[in-house]
Amino acid sequence: MNVKMGVTNRERIPLLSKSRFMAGLQCHKRLYLGCFHFDLKDPFDEGRQAILDSGTRIGELARDIYPGGVLIGEDHLQHGKAVSSTEKALADSSVQAICEAAFVYDGIRIRADILVQSGIDTFDLIEVKSGTSVKKEHIPDVAVQLYVLQGCGISVGQVCLCHLNKEYVYQGGDYDLGQLFLIEDVTEKAKERQPDIPLSLEEMRLPLWGLEPPDIKPGRQCLKPYQCEFYGHCHTGETEHPVIQLPNASKEILLELEEAGIEDIRDIPEGYPGLNPTQQQVRDCVVGNHVHIAPDLPEALVRLEYPIHFLDFETFGSALPLYIGTRPYQSLPFQWSNHTITGNGELRHAEFLHDGFDDPREPFAKSLLEALGSSGPIVVYTGYEAQCIRELARVLPDLSDALMVLAETRLVDLHKLIRDNCYHPEFHGSFSIKSVLPALVPELDYSDLEVSDGMQAQAAFAEIINLWTPADRRSQLRESLLAYCKRDTEAEVRLFEALKYQKV
Ligand code: SF4
């Protein structure tokens, strides 16, 4: 760390918000960059915006659990005014609930999602989360709110997390809020954290006085509990094959390598103890700059009989269920692409993208069964398609037998075959198709596409089924989605050919 105790380079440091406190718990550099260099954040894509929009909608719905609550309307730029409005609401004993209540204490400002009067001058704190369970990172989130509330003299009864109920099944019409949400009491866990908060605050504020960010190297903290928004900035120009790219590297082996001063896989000595056989293989490929393909891989591909299908799905998981009989975040397939290499070597393509505002599953499944016919292996990338087909079989009894035949007898997982039998130094520790394709088939990529990953595909479909989306925009999005899913199966075909004929 560049900052020495007692040396202050700035005249003042900013107030911390709850999000900044959480950023500081993850990494002091993340907090520093968030305070002083937010221009270095990774680009904000449509997928992440869609998640935020969905979180806002869920927060608004949860307020309706407490009808008659007062909403503190001032935004975060008017925190002082919001605090005054909150004080007025607190002074009015007829107010049963306050939403977005604002407080400041010990240099931290918070907006509490919902405060519910639970006794004379006592309030329960309800923090709304858009997930379907309580996660361990939620506890410091509510603990810091409790710290501020108690510091402001508020008597807090229970501290609760309100999240979506993944077992809730939508019956149509308005949501049944009593079923849609679950409220879990985490008071004791939030209280247990109280003694740690002043020290955490002191530690995270210290680097903020410096004029340079703290010298913290990228590591596992960059993705846990959240992907850091400065990921691209911190990982630019770092060593080409950082040890974090060893597949399934444990915390212990990463610490051991760090203590030995080894940052790059190429610096790991031959036969280094502690690497498992896969990691040893990766180390050897990177050091020797060669591609490893075990004979099992081309042999498995040669055994496949024509016609061979190459299949990919796109799915959509809305936090709030849209169709009768569906649950929060249930993945609903809405699009497929299928390339087929026939017995005489011809390459054909077929596709489906749901067109309409109704449940896509039945037309998806019927068109899929028709396109895949009754013969030929079906190459997929990961087990996701099998999972989706089994779920379709569960909810579509008339198609169940035919779908189960697909899932149980015809699917071939190319991802597993590659993961178990192949490594290229340019995989950089990842076996996702977006990492494997540029290494093995460098002339094919996704850079020319408007939709180029699954998150963007979900966001595009959400826009298509929004009644307010203009027809021309809807048509443009359809074209982009069709191009994206088609590229995925084209990628599978090219990977299959490259590996079968060992053209890498
Ligand atoms: S990318 Fe990693 S090292 Fe950089 S600020 Fe974020 S968490 Fe810290």
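The values are calculated or read from the model by the stated rules, or taken from the named source; none is laboratory data. A quick note: this is a predicted structure, and the numbers were derived from the prediction, not measured. Reconstructed Cβ throughout: ideal geometry from the backbone, glycine too, with neighbour counts over all protein chains shown. Heads up: the accessible areas ignore ligands, DNA and RNA and are worked out on the full protein's heavy atoms, side chains in. Shrake-Rupley method; radii C 1.70, N 1.55, O 1.52, S 1.80 Å.
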Query raised in the report: Do you know which of the residues in segment 230-242 that are open to solvent by less than 20 Å² (accessible area, probe 1.4 Å) and within 15 Å of the ligand (Cβ to nearest atom) is modelled with the lowest pLDDT?
Result: Pro242
Query raised in the report: Does Tyr168 satisfy the condition of being away from the ligand (no atom under 16 Å from the Cβ), farther than 26 Å from Val148 by Cα and touching a Leu at 6+ places or on another chain (Cβ under 6 Å)?
Result: yes
Report summary line: Scanning segment 213-229 for residues that are near the ligand (Cβ under 7 Å from one of its atoms), open to solvent by 90 Å² or more (accessible area, probe 1.4 Å) and among the polar types (S, T, N, Q) gives none
Query raised in the report: Mind checking which residues of segment 9-22 are over 19 Å from Tyr105 (Cβ atoms) and within 16 Å of the ligand (Cβ to nearest atom)?
Result: none
Query raised in the report: Before we move on, is Ile197 surrounded by 13 or more Cβ atoms within 10 Å (Cβ to Cβ), of a type in the set (Val, Ile, Thr), away from the ligand (no atom under 11 Å from the Cβ) and closer than 25 Å to Pro14 by Cα?
Result: yes
Report summary line: Residue pairs within 6 Å by beta carbon, gap of at least six or interchain, first lying in segment 83-102 and more than 17 Å from Gly153 (Cβ to Cβ), second surrounded by fewer than 22 Cβ atoms within 10 Å (Cβ to Cβ) and of a type in the set (Lys, Arg), listed first then second, are Cys99/Arg63; Glu100/Arg111
Report summary line: With criteria (1) out of contact with any Leu (no Cβ under 6 Å at 6 or more places or on another chain); (2) open to solvent by 20 Å² or more (accessible area, probe 1.4 Å), Ile65 comes up short on (1)
Requested in this report: Could you tell me which of the residues Ile253, Ile216, Ile265 is without any contact (Cβ under 8 Å) to a residue 60 or more places away in the chain, outside the structural domain of Val142 (by TED's automatic domain parsing) and in contact with a helix residue (DSSP H, G or I) (Cβ under 6 Å, 6 or more places away or on another chain)?
Outcome: Ile265
Requested in this report: Would you check which residues across segment 119-170 are of a type in the set (Phe, Trp, Tyr), outside any helix (DSSP H, G or I) and touching a helix residue (DSSP H, G or I) at 6+ places or on another chain (Cβ under 7 Å) and list them?
Outcome: Tyr168
**Report entry** segment 425-453 residues that are of a type in the set (Phe, Trp, Tyr), paired with ones that are in a loop (DSSP other than H, G, I, E, B) (beta carbon under 6 Å, 6 or more apart)
**Finding:** Tyr446/Ser452
Query raised in the report: Restricting attention to segment 352-363, does a residue exist that is modelled with pLDDT under 95 and open to solvent by less than 50 Å² (accessible area, probe 1.4 Å)?
Result: yes
Query raised in the report: Got a number for residues in segment 330-344 being within 29 Å of the chain's Cα centre (by Cα) and small (Gly, Ala, Ser)?
Result: 2
Query raised in the report: Hey, among the residues in segment 23-60 that are at pLDDT 90 or above and β-branched (Val, Ile, Thr), which one's nearest to the ligand (Cβ to nearest atom)?
Result: Thr56
Query raised in the report: From Leu164, Leu177, Leu149, Leu115, which residue is in contact (Cβ under 8 Å) with a residue 60 or more places away in the chain and surrounded by 18 or more Cβ atoms within 10 Å (Cβ to Cβ)?
Result: Leu164
